[in-house]
Structure formats: C-alpha cells, structure tokens
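Trainee: Supplied in structure tokens, the structure appears directly below.
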Amino acid sequence: MATYTPEEIAQRFSELHPPFDPQAALVEANRCLYCFDAPCTAACPTHIDVPRFIKKIASVNLLGSAQTILDANILGASCARVCPVDVLCEGACVLHRYNKQPIEIGKLQRHAMDHFYSNGARPRFAVASNKSKKVACIGAGPASLACAAELRKQGYGATIFESRPLAGGLNTYGVAEYKLRPSDSLREVELVKSMGVDFQFGVTVGRDISLEDLEREYAAVFIAVGLAPPEPLNLSGENLDGVVDALRFIADYKTAQTIPVGQRVAVIGGGNTAIDAANAAKRLGAAEVYLIYRRGEREMPAFLFEYENSKLEGVQFRLQTQPLAIHPDGSGTRRVGALECLRVELGPQDASGRRRPEAVQGSNFLLACDMVILATGQSRFLDFLGRCRGLEMRDGNVVVDPETGRTTNPRYYAGGDCVNGGREVVDAVAEGKRAGQAIAKWLEAQHG
Ligand SMILES: Cc1cc2nc3c(=O)[nH]c(=O)nc-3n(C[C@H](O)[C@H](O)[C@H](O)COP(=O)(O)OP(=O)(O)OC[C@H]3O[C@@H](n4cnc5c(N)ncnc54)[C@H](O)[C@@H]3O)c2cc1C
C-alpha cells in the first residue's frame, strides 16, 4: 500500500477542465447570442443571468460579471467547476439547434469567479441594517452557506453549526479533487464568513447542542444535514483491512495528510460516487482499478460523461457482475485478497423500472484485489430527523413546501440533499437561497 503527501496528491489531480486564458474567454464570450429568453438561465436552478454575465466578460468587466453571478449564486465559483453543465445550462444552449458547440458557460463562469477571488473577493451586496432576530443553520454544506448568505443580505443574523472541523460539506470533503480542491471550497466559505455569518465547528446538533436549545435562542432553524454514510452491504469479509467506504476514502485523500491505496482496487457501485472513487484510486497510482456494477451500462445511475471519462482514466468496468464476498489474502492476516463475484443476466423490469439482475448459476469467479471501496449510496440521518418535532418525512426525505422550503413545523425550514434525496451542489444552493429568502420574509411579517 502506497501513501501520498498532500503535495503528491495535488500533482496527481490535475484539473479535469483547465481554465480559459483571457483571450480564449473573450472569443468564447463573443460567440454568445444573448438570447432574449435565455434558456440557459431557466435551466440553472439558481437562475444566474447567464447572458448578462457573459456580456460583461465580452466587455472585459470581469468584476461586474462575477457580481452578476454572485447575486444569484453565492457559490458561483464551485458551481462553475462541479455543475453537470451538459444537462443544465450548456445542455439548454440554443446553439445546439444550429448543430454548433454550445457556449462553454461553466468555463466562462469560472473565468469571472477566478478573477474575483484573485482580486480581493469583495462583493458589492446591499446588506440591510442589522435586525435582532437570528437563524440557526444545521450543517455547513452548500445549502446552509447559501441560506445564511441570503439571511445576511437581508440583515438577519445566521449561525451555522457543523460537526466537522471544516465548512463546505461535500464541496470540501466529497467532490473529486480534479474538479474542486478543498482550498477552492474554503475561499467561498471565507466569503460567506465575511458577510457576518457565525460558524460553530465540531458541534453536532442533537448531541452537543439540543434542538430545544436552538429553538430557545433562534427565531427559525434551517436543516441542511445532507445524507448519512452508506449502510453496510452485509457481504462476508466487509470488516477486513483494506475495505473502505467511498466517502471516507475521498474525504481522506482530499483532507488528510496521507492516504493508503492498493495496487489492485475493486470499487463496488454504479453511481457518480463510485466513479469518483475509482478515478481517484487510479490517479493515486493503483495499477488496476475495477468498477463492479450488477446492472448494465444503460442502468448505471452515473452521468454518461462521467462514465466515458472514467474509461479514459483507465478504470475497467465489470458490468452485470454481482459481488458475493470479500476474502482475506490467505497470509494469516486480516488483509483483503480477493472479491468473489457472480455474473448476472438482466431479466424483466423491477419496481424501479430497471431490468432486474438474475444470477447465472455456477459463474462465480475471484477477482484478486488488495483494496475494496464500497460506493453503494448514502443513507439518511433518520434518527436525527426523527427528533426534529413535527417534521413530515417521505421516503427518508424531509417534506417541504416547494415555494419556501418550509417544513411541516413552521419554525423549521430545510433544503439540500436531506430534502431532494441527493442531487447536485447547485440544487442545494438554490434550495438554501429559497429558504433564506422565505425565512426573511416570514420574520419580516412577524417582527417587522
Ligand atoms: C462523492 C460525491 C461527489 C459529488 N460530486 C458532485 C459533482 O461533481 N457535482 C455536483 O454538482 N454535485 C456533486 N455531488 C453532490 C453534492 O456534493 C451535494 O448535492 C451537495 O453537497 C449537497 O449539499 P448539502 O448542503 O445538502 O449537504 P452536504 O454537502 O452533505 O453538507 C451537509 C453538512 O452537514 C453536516 N452535518 C450533518 N449532520 C449534522 C449535525 N447533526 N450537526 C451539525 N452538522 C451536521 C455534515 O458534516 C456536512 O458538512 C457529489 C456528492 C458526492 C457524495
């Protein structure tokens, strides 16, 4: 098992989409048609005024461009890097209709935001006079950052409580390093801090501070706890050394000093997290990385462009393959030696609308590996959410009013992955902003 220093990790994780140089940005901005109905803006969950910020790049007003982005999306820099633009703004670009390449909106947004952050990061927000009421936000991920920033813009106090030592949620600890480095995420946290948001780190609400205490001190509570670690797969051998959960693996290589990586790594799962973990293992030097997924290419929950990119990274896909057990290496230690798998064929559709995997009897085989990464989907913080009084839940997600993000307890609002079940950063930002605006309106109506 090799280990890597932060410097080596930085070297190995060169960016997936390198930035524009100023000339290329100018040329690309001038290709924009500035459509009057801006389908790109409609496709963005935070509704950034895309033609307006691109027009400002074309007239070399980069700070003005960044301000336009920040007015709609306080995490405009990370969204520029991590958004699945093919299925959002760029997917909606009218140039597709003319068989032309869509405008590279994500890279242009990054161009403006990088300029903003390398020039002092001073936004021009009209912050209203300070009001006495304060709001507690639980979790310091994208949803809470957006909610708290919105509340500050409207003059209300906001305190964010976070279990971990750093803010940013999955932007800091989860999104692949070649898209977003922790330092990129943390400079956005600094921006939110500079707006007067208070942060309490290492505080798990429900354990270190009770919900009743928050209710006593704060006028409203915004719940944005994201999703919980995955449930165990219940495979035999899951407790062997060398078996890790994908989120722990990604968080460790992004923020810890060193990270052990095997030479032959098997990743179990078919979503974007499995792909991120597999690519990371490859970039960290594993000779062979296999992604084991029990259904086929069409059924994979990962985005198609992530799947295609992962093949280019050198990950080998073992589709229609079901993991059965993890075996030790036979040396008398507790180290992983192989993953036992079974081939499957796809039968009729199941309740999820996907073809059901059916075992091919006698097709068992052993895949030699010294590390197994489990990436089979996150679970929910049901215990914690169950303790928030009066909260209606559906399929493990918090039920909210779609206009305001208000829960069935009138003092509680919610947003992000714990409401939408796990989508994208930009959805969490949009839902945090929506709740921040609605809470401010509600407090205004109540207290003036
Ligand atoms: C591996 C991975 C890769 C991803 N890649 C992308 C990508 O490329 N592009 C993209 O757009 N999206 C991506 N996503 C999705 C995106 O990261 C999430 O949708 C987004 O971060 C959700 O934001 P959130 O604020 O709801 O939750 P989170 O970002 O999960 O933040 C929740 C925070 O709450 C804290 N918390 C939880 N419980 C408590 C408590 N009781 N008290 C205090 N704090 C608490 C947690 O520590 C955490 O910091 C990825 C997700 C994963 C798992």
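Trainee: Once you place label points 7 Å from the Cα toward the Cβ at GLU212 and SER236, how far apart are they in nm?
Mentor: For GLU212 paired with SER236, the spin-label model returns 4.8 nm.
Trainee: With the cut-off at 1.5 for a/c, could you classify the range 215-285 from its C-alpha gyration tensor as rounded, prolate or oblate?
Mentor: It comes out prolate by the Cα gyration axes.
Trainee: At 0.36 nm per residue, and after removing the present C-alpha to C-alpha distance, how many nm does the segment from ASP198 to VAL87 gain when stretched out fully?
Mentor: Extending this stretch completely gives an extra 36.5 nm.
Trainee: I've got another one for you. Got a number for carbon plus sulfur as a percent of the range 253-314's accessible area, 1.4 Å probe?
Mentor: Percent of accessible area from carbon and sulfur atoms in the range 253-314: 49.
Trainee: At 222 nm, what value in deg cm²/dmol follows for the chain if DSSP H runs of at least 4 each add -39500 (n - 2.57) and the sum is divided by all its residues, to the nearest 500?
Mentor: Taken over the chain, the calculation gives -10500 deg cm²/dmol.
Trainee: In the range 54-154, which trypsin sites (Lys or Arg not before Pro) fall in coil by DSSP and have 12 or fewer other Cβ atoms within 10 Å?
Mentor: LYS100, ARG124
Trainee: Set Lys and Arg Cβ to +1 and Asp and Glu Cβ to -1, take the dipole of the range 106-192 about its Cα centre, and tell me which of TYR156, TYR178, PHE116 lies farthest positive.
Mentor: Of the candidates, TYR156 comes out farthest on the positive side.
Trainee: Next question. If I stretch the segment between GLU8 and ASP383 completely, what's the gain in nm (0.36 nm per residue apart, minus their alpha carbon distance), one decimal?
Mentor: Gain on extension, GLU8 to ASP383, equals 131.1 nm.
Trainee: Aspartates and glutamates within cross-link reach of LYS441: Cα-Cα under 13 Å, excluding same-chain residues under 8 positions apart?
Mentor: Leaving aside aspartates and glutamates fewer than 8 places away in the same chain, those within reach of LYS441 are GLU150, GLU403.
Trainee: Calculate the spin-label point distance for ARG356 paired with VAL60, positioning each point 7 Å from the Cα along the beta-carbon direction, and give it in nanometres.
Mentor: 6.6
Trainee: Right, here's the next one. Suppose we flag chymotrypsin sites (Phe, Trp or Tyr not before Pro) only when DSSP calls them loop and at most 16 other Cβ atoms lie within 10 Å. Which is the longest uninterrupted stretch of the chain?
Mentor: The reported range is 126-302.
Trainee: So, in nm, how far is label ASP401 from label ALA368 when the simple model puts each one 7 Å beyond its Cα toward the Cβ?
Mentor: Modelled inter-label distance: 6.3 nm.
Trainee: Would you list which lysines come within 18 Å of LYS179, measuring only between C-alpha atoms, while excluding same-chain residues fewer than 8 positions from it?
Mentor: Those lysines meeting the cut-off are LYS107, LYS254, LYS282, LYS311.
Trainee: Would you mind working out the magnitude of the charge dipole of the range 1-88 relative to its Cα centre, with +1 at each Lys and Arg C-beta and -1 at each Asp and Glu C-beta, to the nearest 20 Debye?
Mentor: The dipole of the range 1-88 has a size of about 220 debye.
Trainee: Provide, for q = 0.15, 0.22 Å⁻¹, the log10 of I(q)/I(0) from a solvent-free Debye sum over equal Cα point scatterers in the range 16-117.
Mentor: For the range 16-117 at q = 0.15, 0.22 Å⁻¹, log10 I(q)/I(0) is -0.50, -1.18.
Trainee: Next question, about the same structure. Pick out, in residue order, every one of the GluC sites (Glu not before Pro) in the range 3-73 that is DSSP loop and has at most 13 other C-beta atoms within 10 Å; say none if there are none.
Mentor: GLU15
Trainee: Tell me the angle of helix 182-194 to the major Cα principal axis of the chain, expressed in degrees between 0 and 90 and rounded to the nearest ten.
Mentor: Relative to the chain, helix 182-194 is tipped by roughly 20 degrees.
Trainee: What angle do you read, to the nearest 10 degrees and between 0 and 90, between the alpha-carbon axis of helix 272-283 and the longest principal axis of the chain?
Mentor: Helix 272-283 sits at roughly 70 degrees to that axis.
Trainee: Calculate I(q)/I(0) for the chain by the Debye formula, one identical point scatterer on each C-alpha and no solvent, and give its log10 at q = 0.09, 0.12, 0.14 Å⁻¹ to two decimals.
Mentor: Once normalised to I(0) and log-transformed, intensities are -0.63, -1.09, -1.36.
Trainee: Return P(r) of the range 243-374 (all Cα-Cα pairs; 5 Å bins starting at 0; whole %; ordered from short to long distances).
Mentor: Per 5 Å bin, starting at 0, the Cα pair percentages come out as 2, 11, 20, 21, 20, 14, 7, 3, 1, 0.
The values are calculated or read from the model by the stated rules, or taken from the named source; none is laboratory data. Given the structure is predicted, the values throughout are model-derived calculations rather than measurements. Backbone-built Cβ (ideal geometry, glycine too); neighbour counts: all protein chains shown. Areas reflect the complete protein model, heavy atoms only, side chains present, ligands, DNA and RNA absent. Shrake-Rupley method; radii C 1.70, N 1.55, O 1.52, S 1.80 Å.
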